[in-house]
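J.: Mind having a look at this structure? Questions to follow.
The values are calculated or read from the model by the stated rules, or taken from the named source; none is laboratory data. Please read these numbers as outputs of a predicted model, since none were measured by experiment. Heads up, the Cβs are rebuilt from the backbone with ideal geometry, glycines too, and the neighbour counts pull from every protein chain shown. The protein model used for the area step is the full one, side chains on, heavy atoms only, and it has no ligands, DNA or RNA in it. Shrake-Rupley method; radii C 1.70, N 1.55, O 1.52, S 1.80 Å.
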Amino acid sequence: MNETMMENPDINVEFEDHVAIVELCRPPDNYFDAGLIQGLADIYEKLDTDPVCRAIVQCSRGKHFCAGFQFNRPPELPGKERTAQADVETIYGHALRLYRSCKPVVAAVQGAAIGGGLGLALVADFRITCADARFSANFSRLGFHHGFGLSVTLPRLVGHNQANLMLFTGRRIDGETAVSTGLADRSVAQGDVRKAAIELAAEISESAPLAVQAIRKTQRRQLLSELPEVIQRELAEQTHLKSTADFREGISASAQRRPPRFSGE
């Protein structure tokens, strides 16, 4: 591998031939905020202009791929200017930048991809996972509306009814079930997830890069046309639901690791 491409304490980038390996570095859960998604979008855009990069592997350091946005974190973290509220309001603009990137992406999901972490995994073109992984759109269990474009990306992969089942129940599904439903593309041993993702990305990189990018642009055209309006709708519903008692209860229950007691208020 070559030396790290750019300095970022939360994101590491290395190359293996024509494959850029982009690693989130907030173990064990790899929670994100607007700063992390912005940094990730900046890197994807830089890789778009790098002729060496022909494919990206999105992976994470630690136990989980990404546990989503940490709603119950302190309102402000040391050295951070953004509040959690501002993060939620600005994240999806940076998510759109990720979706609009040019290079094909393979996600290596070795652990949990929860909430917004599931949304991040679905930015990728392909997902390599393992039996021990967990996928969940857990927003309804938090009294919240889903985001990150899941209204479009989830049903495109698993179908309308299966997407609604995941969204309404917030249930977790394992890696084997994810493959059987189309949410993931291949399941391997947990220790081989990243290796298998790099192998797939390397296979893609053997094709003509301009042709791959042109094909990908065509194949994602409808997705990219739908996402801006859908994400605005998701954000509007999230903003409304954040003021409800059920949202406060959902976040409290999650922090206390107990079943929520929703009142419908």
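J.: Kindly identify region 147-251 as rounded, prolate or oblate by the Cα gyration tensor criterion: order the square roots of the eigenvalues as a ≥ b ≥ c, call it rounded if a/c is under 1.5, otherwise compare a/b with b/c, prolate if a/b is larger, else oblate. Please list the in-between numbers first.
T.: Numbers: a/c = 2.49, a/b = 1.47, b/c = 1.69.
Here region 147-251 falls in the oblate category.
J.: Moving on. Can you sort E226, E234, E265 by 1.4 Å-probe accessible area, starting with the largest? Could the numbers behind the result be given before it?
T.: Values: E226 65, E234 0, E265 135 Å².
Descending accessible area places them as E265, E226, E234.
J.: Next up: If a paramagnetic tag sat 7 Å from the Cα of D50 along the Cα-Cβ line, which residues of region 98-128 would have the backbone N under 20 Å from that point?
T.: From region 98-128, the list is 98-109, 121, 123-126.
J.: OK, next. Heavy atoms only, 1.4 Å probe, whole protein assembly: order E7, E23, E176 by accessible area, highest first.
T.: Working: E7 170, E23 20, E176 100 Å².
In descending accessible area the options line up as E7, E176, E23.
J.: How much accessible area per residue does the chain have, in Å², with a 1.4 Å probe? Could you put the intermediate results ahead of the total?
T.: Numbers: 12450 Å² over 265 residues.
Using a 1.4 Å probe on heavy atoms only, each residue of the chain averages 47 Å².
J.: Compute, for T49, the solvent-accessible surface of its heavy atoms (probe 1.4 Å) with the complete set of protein chains present, and express it in square angstrom to the nearest 10.
T.: The accessible area of T49 comes to roughly 110 Å².
J.: Moving on. Treat each spin label as a single point 7 Å out from the Cα along the C-beta direction, and report the L210 to D132 distance in nm.
T.: Between L210 and D132, the label points sit 4.5 nm apart.
J.: Keeping to pairs on different chains or 8 or more places apart, tell me how many lysine pairs in the chain have Cα atoms under 20 Å apart. Write down the numbers at each step before the final one.
T.: Values: K46/K103; K46/K217; K63/K195; K103/K195; K103/K217.
Summing the qualifying lysine pairs gives 5.
J.: How high is the relative contact order of the chain, in percent, with contacts defined as C-alpha pairs under 8 Å that are six or more residues apart? Please report the intermediate quantities before stating the final value.
T.: On the way: 514 pairs, mean separation 47.6, N = 265.
Result for the chain is 18 percent.
J.: Okay, moving on. Which order do you get for R97, R221 if you rank them by accessible area with a 1.4 Å probe, largest at the top?
T.: On the way: R97 50, R221 185 Å².
The most accessible residue leads, giving R221, R97.
J.: Of P51, P104, P28, which has the largest mean-square fluctuation in a 10 Å C-alpha GNM of the chain?
T.: Of P51, P104, P28, the most mobile in the Gaussian network model is P51.
J.: Taking H placed 1.01 Å from N in the peptide plane, check which residues at least 5 places from G68 or on another chain put their amide H under 5 Å from its amide H.
T.: Sorted by chain and number, the residues that satisfy this are F32, I114, G117.
J.: Would you compute, from DSSP H runs of 4+ residues alone, the mean residue ellipticity of the chain at 222 nm, taking -39500 (n - 2.57) per run and dividing by the full residue count, rounded to the nearest 500?
T.: On the way: 10 runs with 122 residues, N = 265.
Rounded to the nearest 500, it is -14500 deg cm²/dmol.
J.: Next up: For the modelled label position 7 Å from the Cα of E7 along Cα-to-Cβ, which residues of region 39-55 have backbone nitrogen atoms closer than 15 Å?
T.: Counting only backbone N, you get no residues.
J.: With each label point set 7 Å from Cα along the Cα-Cβ vector, what nm distance links R257 and N161?
T.: 3.7 nm
J.: Something else: Of the beta bridges DSSP finds with both residues in region 91-218, what % are antiparallel, to the nearest 5?
T.: Details: 3 of 11 bridges.
Antiparallel: roughly 25 percent of the beta bridges in region 91-218.
J.: Same structure, new question: Using the Cα atoms of region 83-214 to build a convex hull, what is its mean projected area in square nanometres? Could you put the intermediate results ahead of the total?
T.: Numbers: hull surface 34.1 nm².
If you wrap the Cα atoms of region 83-214 in a convex hull and average its projections, you get 8.5 nm².
J.: Give the percent of DSSP beta bridges with both residues in the chain that are antiparallel, rounded to the nearest 5.
T.: On the way: 9 of 28 bridges.
Taking every DSSP beta bridge within the chain, about 30 percent pair in antiparallel fashion.
J.: Still on this structure, please answer the following. Could you give the Stokes-Einstein D for the chain in µm² per second, using the C-alpha Kirkwood radius, 20 °C, 1.002 mPa s? Before the final figure, lay out each step's value.
T.: On the way: Rh = 18.6 Å.
D = 115 µm²/s.
J.: Next question, about the same structure. Ignoring ligands, DNA and RNA, what percent of the accessible area of the chain is carbon or sulfur (1.4 Å)?
T.: The value for the chain is 49 percent carbon and sulfur by accessible area.
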